[in-house]
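Only one structure is covered here, and it is reproduced in the block below.
The values are calculated or read from the model by the stated rules, or taken from the named source; none is laboratory data. For clarity, every value in this text was computed on a predicted model and none was experimentally measured. A quick note on method: Cβ atoms are made from the backbone with ideal geometry, for glycine too, and the neighbour counts reach across all protein chains shown.
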Amino acid sequence: FPTRYDDKTFFPKDKMITRDKLNITKDKTVIVTSGRISNVKGWELVLNVLNILKKRNMNFHLYWLGDGEDKIKMENSISEYKLTDITIMGNVSHELLSDYLAAADLFILASYREGWSTSIVEALSCGKNVITTNVSSAQDMIFEGKNGFIVYKRDAELFCSKILEALKLPDPNPISCDVVEPLRLSNLKAELLKIWDI
């Protein structure tokens with residue numbers, strides 16, 4: 001079975017109420033990504049994208065939810081780029097991750113590879129639009145121009161253009177929720193019973 005999500009934790013919430021709860025400003029575009037801070041997760045591409053957004057004077061803030069072996073390298077690159085609009089949150093609970101997803105305007109993923117991406121599943125379950133590289137499972141869950149975009153080249157300019165397009169999509173997006181509806185953890189028992197004659 002593909003990755004499941006806990007539908008008691010991950011679901012759409014009011015964006016502005018959640019921003020109040022987290023003390024996140026309401027006047028910026030909030031971007032969220034999650035996962036280990038490692039080369040395979042493509043953090044260098046994320047920083048290149050943010051640097052372009054900064055040069056274009058976009059009013060944004062990115063929250064990276066996760067930790068990892070490349071954290072110091074990433075922090076050094078953030079300093080080199082003079083990026084002030086990024087916060088590394090470290091490892092957080094599923095409940096807090098759900099809140100940050102709810103507070104976001106969109107979710108991005110820049111990985112070189114994934115399995116069935118838990119991060120994408122969780123973001124979609126919260127009604128988010130997703131910009132992702134062409135990792136495994138992306139084409140099964142992201143419908144171009146409907147609930148996000150897949151960036152087929154590791155090109156920061158192209159990634160930025162897709163971010164701007166995605167910000168025009170509905171949020172929360174019912175298409176995102178519909179895509180992952182079959183992956184709700186609460187549906188698992190019924191699916192298993194179809195297979196096992198108990």
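Some values worked out for this structure:
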{"quantity": "The range 102-120, subset more than 12 Å from the chain's Cα centre (by Cα) and of a type outside the set (Gly, Ala, Ser), residue modelled with the highest pLDDT", "calculated": "TYR112"}
{"quantity": "Residue among ASP99, ASP140, ASP155, ASP178 that alone is within 14 Å of the chain's Cα centre (by Cα) and charged (D, E, K, R)", "calculated": "ASP99"}
{"quantity": "Flag for THR3 being outside any helix (DSSP H, G or I) and free of Cβ contacts under 8 Å to residues at least 24 places away in the same chain", "calculated": "no"}
